[in-house]
Amino acid sequence: MSASYEVRGAIAVITLNNPPVNGLGYETRKAVAAAVEKAEDDAAVKAIVITGAGKAFSGGADIKEFGSPLALAEPNLLSLIARVEGASKPVVAAIHTVCMGGGLELSLGCHYRVVSPGAAIALPEVKLGILPGAGGTQRLPRAIGVEAALNMIVSGEPVKSELLAQIPGQKLFDRVIEGDLIEGALAFANEIAAARPLPMVRDLKCKHPDGDAYFGFARNTVNAMAKNFPAPARCVDCVEQATKARFEDGLKVEREAFAALMLTPESKALRHAFFAERAAAKVPGIPEDTATREIRSVAIIGAGTMGGGIAMNFLNAGTPVVMLEMKQEALDKGVGIIRKNYEAQVKKGKLKEDKYAERMALLSTTLSYAELGGADLVIEAVFEEIGVKRQVFEQLDAVMKPGAILASNTSTLDLDKIAAFTKRPQDVIGMHFFSPANVMRLLEVVRGAKTAPDVLMTVMKLGKKIKKTCVVSGVCDGFIGNRMIEQYSRQAGYLLDEGCTPQQVDKAAEKFGFAMGPFRMGDLAGNDIGWAIRKRRYVEKPDVRYSKTADLLCELGRFGQKTGAGWYDYVPGKRDAIPSELVNDMLVKHRADLGITPRKIGDDEIVHRLVYSLVNEGARIVEEGIALRASDIDMVYLTGYGFPLWRGGPMNYADTVGLWNVVQAMKKFAKNPADDQAFWQPAPLLARLAAEGKSFS
Ligand code: T1G
């Protein structure tokens, strides 16, 4: 049952009931259509109210139906809306909490709309790479005006109901109901039951005083801001039609645009990312309603760049933080960094002064472990060396209250070893933030062999509270993201050995859509970080071959922007990466020393070796159980490594290319003696899926 029906006095009340967000799936659409007919056939019914059960009026069309025949099964959303709009009795939408996408379009097909204050009203389809496909681009401009409607449709962002109700001349909401919504809607319905003709949004005028100039400007703006996403420009086209064409003609343009966008790889990628983000929060074997520990205060060990950034996440969420360092000047420096970050936000108008003060008031510092005992969670963010971690965790084990969660921000060390430094390994977990920790959305939640389920779920829930995308990782060297970036970096090095310049590799990667190519990224993060890790690897894994180019660069002290030179040269005070003659000469000499004749390497080979190295390592990580699912790998890369959103992540991209084609390319790479031929053996999971004509998702 996905819509209930009851008659209250002379009013029929139809309640959408398709948890969790009353998605307008086929069963729900059918039930609503039947209920409207029932109300029309009942002479005692004078008007109809449609509302939603639970936490939403409606979150829109049922995205889970996309791509299946159900999405178009009649009554499809357009037909249902036409049925409601054509009803012989007045239909009143009673809107609360969330009214989005097709849910808002359904309400626009009603004759009247009453709404609770605080409801989130949106047409977020553009965030899925599509556009409102059930009349939203034609009715919303008629209801709230062209510019307000276009802003909502192109941004996809929710607007609070009371703000929309204040738009002069708006016809979206007939009444804002402060008290009980249903009671208010029933009273309203009784008031208008006899009113005729029944008002229809589609009959409202829709004009823009300076349409050509406005839509021209709007088109240029979206084309500049969303150059890899086709949907926003089509939104502009459809809203323009609302001001120029007859309603039915505008609807036709919208329908065609919607159908075309639905098939684009960009929309498939965005829909994949939508579900991937939600899937990442689920841990098989641990019930979603597992009781979690309350985190009222957080302690952070280490006030460096990471410690300070981590602290800000909690201060932003209103959670008190105590930060510990070994020396006062380190504490003062750390607090200074936090202040500087907030002051920059205040200066840009992104943070109000009073909020800044509020957050700083939540921060305290100490030089003594003894003062940390009361914290519910402690996060260690000290130097990445196992001996230092040991000292810290032995002290934490001694002072933290029973039940406190002990987390390490380690990015490469063995979390199980760290847990073994304590007598409470079940309370130890990894919280791997990505620098800058107060900005990057990714949080790798590293589950140790002994980490208790409730500890894991507590951190997953806490991560959502501090607006992170949490991805569970098992324990291995580099967890998920850094283990994969290791292969990506090795490929980048080999490409230099074989004849590429750093700028050629970066340009190809950035043309593919990476926020930054591997060498610009190295210069930004600091080439010495990779250098330290490789030195450790040379000892631990002597059989893993790396290009020597990165070491040669570091031996010249060229660590990147922080030393004013790296793979690129830099003008002091500027960040522009300038191709370096010195580095080029270094590479020429290096190839000669290796006896390699440089060859011309095309962008396709560069991109495929970089991206498929992520895919192959990602497949291994999934089949080893380090990652719970392939879409988690995508979430890591989309939120932590600048992978282009419109490609949906490395695993989704491989699905788009076709796994069989990916394996064919890898077979070619495996024949290249200058490459790591063993690495290009397809991971068993990848080989199997490719052979069976399947995909990761
Ligand atoms: N369809 C199906 N499932 C949905 C859904 C939807 N529209 N929205 C959410 N879910 C699922 C979600 O996958 C998760 O499932 C659960 O609900 C809770 O979601 C013609 C075609 C509504 C603001 O884009 O923005 O209408 O993981 O964790 O934080 O023009 O969900 O529990 O199995 O996000 O409270 C347009 C998308 C559709 C809205 C609630 N609508 N959803 O946020 O919960 S296209 C959207 C959201 C359309 C028409 C077109 C949010 C939310 P699970 P959640 P939340």
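The values are calculated or read from the model by the stated rules, or taken from the named source; none is laboratory data. Small disclaimer: the values here were computed from a predicted structure and weren't measured. A quick note on method: Cβ atoms are made from the backbone with ideal geometry, for glycine too, and the neighbour counts reach across all protein chains shown. Heads up: the accessible areas ignore ligands, DNA and RNA and are worked out on the full protein's heavy atoms, side chains in. Shrake-Rupley method; radii C 1.70, N 1.55, O 1.52, S 1.80 Å.
Amide H contacts of Ile405 (H built 1.01 Å from N, in plane; Pro and chain starts excluded): Leu377, Val378 sit under 5 Å, all sequence-distant by 5 or more or on other chains. Scalar couplings 3J(HN,Hα) for region 211-221, obtained by applying the Karplus form with A = 6.51, B = -1.76, C = 1.60 to θ = phi - 60°, are x, 4, 5, 5, 5, x, 5, 4, 5, 4, 5 Hz; x denotes Gly and Pro.
Comparing Cα centroids, region 646-690 and region 141-161 end up 43 angstrom apart.
Computed log10 I(q)/I(0) for region 298-473 at 0.09, 0.10, 0.17, 0.18 Å⁻¹: -0.28, -0.34, -1.02, -1.14, from the Debye equation with unit scatterers placed on every C-alpha and solvent omitted. Across all Cα pairs in region 3-262, the calculated P(r) in 10 Å bins from zero up to the longest distance comes to 8, 33, 37, 18, 4, 0 percent per bin. Between Thr563 and Asn220, the FRET efficiency from the beta-carbon distance, with R0 = 56 Å, is close to 0.85.
Based on protein heavy atoms only, the chain ends up with 42 Å² per residue of surface accessible to a 1.4 Å probe. Amide H contacts under 5 Å for Ile95: Val114, Val115, Ser116, restricted to partners 5 or more places along the chain or on a different chain, H placed in the peptide plane at 1.01 Å from N. Only one residue of Val539, Phe643, Phe519 has its Cα farthest out toward the positive end of the dipole of the chain, where Lys and Arg carry +1 and Asp and Glu -1 on Cβ, and that residue is Phe519. In region 270-338, inverting the average of 1/r over every pair of distinct C-alpha atoms gives 14.6 Å as the Kirkwood radius. Going by the alpha-carbon gyration tensor, a ≥ b ≥ c the square roots of its eigenvalues, is region 431-489 rounded (a/c under 1.5) or, if a/c is not under 1.5, prolate (a/b greater than b/c) versus oblate? It comes out oblate by the Cα gyration axes. Using 0.36 nm per residue and subtracting the Cα-Cα separation, the extra length available between Asp42 and Lys352 on full extension is 106.0 nm.
Per the Cα gyration tensor, the chain maps to an equivalent ellipsoid with semi-axes of 50, 32, 24 Å, ordered largest to smallest. Relative to the dominant Cα principal axis of the chain, helix 328-347 is inclined by about 40°. Computed from label points 7 Å out along Cα-Cβ, the spacing between Asp585 and Ala187 is 8.5 nm. Taking a ≥ b ≥ c as the square roots of the Cα gyration tensor eigenvalues, with a/c under 1.5 meaning rounded and otherwise prolate when a/b beats b/c, else oblate, which class fits region 99-167? In terms of gyration-tensor shape, rounded. Relative to one another, the C-alpha centroids of region 501-553 and region 235-305 are positioned 33 Å apart. Here the chain is treated with +1 on each Lys and Arg Cβ and -1 on each Asp and Glu Cβ, and its dipole about the Cα centre works out to around 360 debye. Which FRET efficiency value, to the nearest 0.05, do you get for Glu288 and Lys205 by plugging their Cβ-Cβ distance into 1/(1 + (r/R0)^6) with R0 = 51 Å? The formula returns an efficiency of 0.55 here. Output the antiparallel fraction of DSSP beta bridges having both residues in region 3-262, as a percent to the nearest 5. Within region 3-262, antiparallel bridges account for around 30 percent of the total.
Can you give me the P(r) profile for region 57-195? Cα pairs, bins 10 angstrom wide beginning at 0, each as a whole percent. Answer for region 57-195: a P(r) of 12, 44, 34, 9, 0 percent. Each residue of region 376-391 was assigned a 3J(HN,Hα) from its phi angle through the Karplus expression (A = 6.51, B = -1.76, C = 1.60, θ = phi - 60°), giving 7, 9, 10, 10, 8, 9, 10, 3, 7, 9, 4, x, 5, 4, 4, 4 Hz with x at Gly and Pro. Relative to one another, the C-alpha centroids of region 1-58 and region 324-388 are positioned 52 Å apart.
Once the Kirkwood radius over Cα pairs is known for region 250-385, the Stokes-Einstein relation at 37 °C and 0.692 mPa s delivers a diffusion coefficient of 179 µm²/s. Expressed as a whole percent, the accessible surface of the chain that belongs to carbon and sulfur atoms is 58, based on a 1.4 Å probe.
Applying the criteria of a DSSP loop state and at most 15 other Cβ atoms within 10 Å to the trypsin sites (Lys or Arg not before Pro) of region 214-293 yields Lys227, Arg246, Lys282.
log10 I(q)/I(0), Debye, Cα-only region 618-671, no solvent, q = 0.14, 0.25, 0.30 Å⁻¹? Taking Cα atoms of region 618-671 as identical point scatterers yields -0.40, -0.99, -1.08. Modelled label positions at Lys417 and Lys327, each set 7 Å beyond Cα in the direction of Cβ, lie 2.7 nm from each other. In plain terms, the chain from Ser364 to Glu178 could stretch by 62.8 nm, reckoned as 0.36 nm per residue minus the Cα-Cα distance. Between amide H atoms placed 1.01 Å from N, distances below 5 Å from Leu442 occur with Thr469, all of them 5 or more places distant or on a separate chain. Between Phe383 and Ala674, the C-beta separation translates, for a Förster distance of 51 Å, into a calculated FRET efficiency of about 0.90. In sequence order, region 623-636 has phi-based couplings of 6, 7, x, 5, 9, 6, 6, 5, 5, 5, 4, 4, 4, 4 Hz under the Karplus curve 6.51 cos²θ - 1.76 cosθ + 1.60, θ = phi - 60°, and Gly or Pro positions carry x. Charge tally for Gly474 (other residues, Cβ to Cβ under 15 Å; Lys, Arg +1; Asp, Glu -1): -2. In region 488-691, the convex hull through the Cα atoms has an average projected area of 11.4 nm², a quarter of its surface area. For region 307-346, the direction-averaged projected area of the alpha-carbon convex hull comes to 2.7 nm².
Normalised by 2.2 N^0.38 Å, where N is the number of residues, the alpha-carbon radius of gyration of region 377-508 equals 1.22. Comparing region 549-652 with the 2.2 N^0.38 Å rule of thumb, its C-alpha radius of gyration ratio is 1.39 (two decimals). Decide, for region 539-588, between rounded, prolate and oblate: order the square roots of the alpha carbon gyration tensor eigenvalues as a ≥ b ≥ c, take rounded if a/c falls under 1.5, and otherwise choose prolate if a/b is larger than b/c, else oblate. Prolate is the answer for region 539-588, as a/c is 1.5 or above and a/b outweighs b/c.
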